[in-house]
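Engineer: Have a look at this one before I ask anything.
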Amino acid sequence: MARERSSGGVEVDPDTVPDPSLKDAAHDSDPMEEAVAAAHDEAERTGGLGRPGKAMNRRSPFFIGMTAAAGVAVTYGVIELVIKARSMLILIGLALFIAASLDPVVAWLCRHRVPRWAAVVTVVVGVMAVGAGFLAAAVPPMAAQATALVHNMPHYMHELQDHNSSLGKLNTKYHLQQRVSSVISSKGGSLIGGVLGAGELVLSAVSSMLLVLVLSVYFLASLPKTKLFAYRLVPQSRRPRAILIADEIFAKVGGYMLGNLLTSAIAALGTFFWMLAWGIPYPVLLALLIGLLDLIPVIGSSVGGAIVTLVALTVSLPVAIATLAFYIAYRLAEDYLIVPRVMGRTVQVPAIVSMVSVLVGGVLLGIIGALVAIPVAAAIRLLLQEITFRRLDQS
């Protein structure tokens, strides 16, 4: 587009010159006529749209009010987003926790000159192989023992009628059979609805597990890049220290998860051999249940021990008492011998902090909250020691 040259020698874009008709419209208002003339002079002098004016006063009441209102609106939107996406955010956090737990194994393979992608594939295939072997070893006995449980139900019902048996004495004292019959007769429809709801719950749980597994693989493959992206959010002067603290936190998470799997395996094996020794039924089924429940710190093995003790009542009352004593002894051994040796050097969380964190995590997020409570407490403890306490000591 052609540019005109003003009398001062400055090239002027015709599109930036104010409309000449504004002069005619401004005759009735002297201030506006002066403003239009000043705009023409500014366009000729600068050859553009003029120089920027002074910045807005950020201390003005209007600006402060708008900023505060925008901050409240953004905060409210974020809170609403977190509330509505709470279940999905929990699954994403669990997947990230699993990826961080497996990352030490991948890092060990990488230190031995294995490419990252090959290390991730090796770990994922290894986990899938362990899971497949676990299912192959567990499903047939579980199916057989579940069938035996259904087959023995008439025998258990007969024992309920026998006033000399342990179940019969409990039935006589607490009227178990009458209570069950009344529940079935009065709330049969709700029980059917509960069964259907349980089926939906199982389908939802399976889909959630698949989602967590897929996300865990993706997080594990891209964990270094994810870490680098998070580190970019830290100011340059503080990045080295942030990297060191974050790596220590990831090491604690990985060590805790591996140690937790080891203690759960010990609990499952101990339960299996105890039940075999005393002839308690369904040893494989209940040993697997104990192994899964023991993944939940503090309360998992206690709940599993109570279940096995109740099953031991079908053998005899002395066997049930011995089983209860066994789990009390195992609980003490796990708290004071196994856990300090397996996870004490890695997590370094006091026993009272572990118990409180597990209880709070269970109340907030259920089983997942109880599972991740101890490594979260370890991370908070590390941040307090490295940042908060140092600043307080120097203040």
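The values are calculated or read from the model by the stated rules, or taken from the named source; none is laboratory data. Because the structure is a prediction, the values reported are computed rather than measured. Virtual Cβ from ideal backbone geometry, glycine too; neighbours counted across all protein chains shown.
Engineer: Among (1) without any contact (Cβ under 8 Å) to a residue 40 or more places away in the chain; (2) more than 30 Å from residue 224 (Cβ to Cβ), which single condition is residue 238 missing?
Structural biologist: Failed condition: (2).
Engineer: Taking region 79-113 as the search range and keeping residues that are among the β-branched types (Val, Ile, Thr) and under 24 Å from residue 249 (Cβ atoms), which one is surrounded by the fewest Cβ atoms within 10 Å (Cβ to Cβ)?
Structural biologist: Out of the qualifying residues, it is 82.
Engineer: Quick one: would you say residue 383 is modelled with pLDDT under 85 and closer than 15 Å to residue 299 by Cβ?
Structural biologist: no
Engineer: Turning to a different aspect of this structure: Given the condition touching a Gly at 6+ places or on another chain (Cβ under 9 Å) and surrounded by fewer than 17 Cβ atoms within 10 Å (Cβ to Cβ), answer yes or no: does some residue in region 379-391 qualify?
Structural biologist: Scanning region 379-391 turns up no residue that is touching a Gly at 6+ places or on another chain (Cβ under 9 Å) and surrounded by fewer than 17 Cβ atoms within 10 Å (Cβ to Cβ).
Engineer: What's the number of the only condition in (1) more than 16 Å from residue 103 (Cα to Cα); (2) in a helix (DSSP H, G or I); (3) of a type outside the set (Ser, Thr, Tyr); (4) out of contact with any Phe, Trp or Tyr (no Cβ under 8 Å at 6 or more places or on another chain) that residue 234 fails to meet?
Structural biologist: (2)
Engineer: Now, a different point. Quick check on this structure: which one of 213, 228, 220, 244 is out of contact with any helix residue (DSSP H, G or I) (no Cβ under 7 Å at 6 or more places or on another chain), assigned to a helix (DSSP H, G or I) and surrounded by 13 or more Cβ atoms within 10 Å (Cβ to Cβ)?
Structural biologist: 213
Engineer: Considering region 235-284 alone, what residues qualify as being over 30 Å from residue 321 (Cβ atoms) and among the aliphatic types (A, V, I, L, M)?
Structural biologist: Across region 235-284, the qualifying residues are 242, 243, 244, 245, 246, 249, 251, 253, 257, 258, 261.
Engineer: Still on this structure: Find the helices (runs of 4 or more DSSP H) located wholly in region 1-114 whose residues include 3 or more that are touching a Phe, Trp or Tyr at 6+ places or on another chain (Cβ under 8 Å) and at pLDDT below 75, and list them.
Structural biologist: Numbers: elements: 21-25, 30-46, 61-84, 86-111.
Those helices (runs of 4 or more DSSP H) do not exist here; none qualify.
Engineer: Inspect all residues belonging to region 340-360 and state whether any of them is exposed (fewer than 15 other Cβ atoms within 10 Å of the Cβ) and under 30 Å from residue 88 (Cβ atoms).
Structural biologist: There is at least one residue in region 340-360 that is exposed (fewer than 15 other Cβ atoms within 10 Å of the Cβ) and under 30 Å from residue 88 (Cβ atoms).
Engineer: Need at least 1 residues that are under 15 Å from residue 274 (Cβ atoms) and over 18 Å from the mean Cα position of the chain (by Cα) per element, so show me which helices (runs of 4 or more DSSP H) inside region 290-389 make the cut, counting only ones lying wholly within it. Let's see the steps before the verdict.
Structural biologist: Values: elements: 300-312, 317-333, 339-347, 351-383.
Ranges flagged: 300-312, 317-333.
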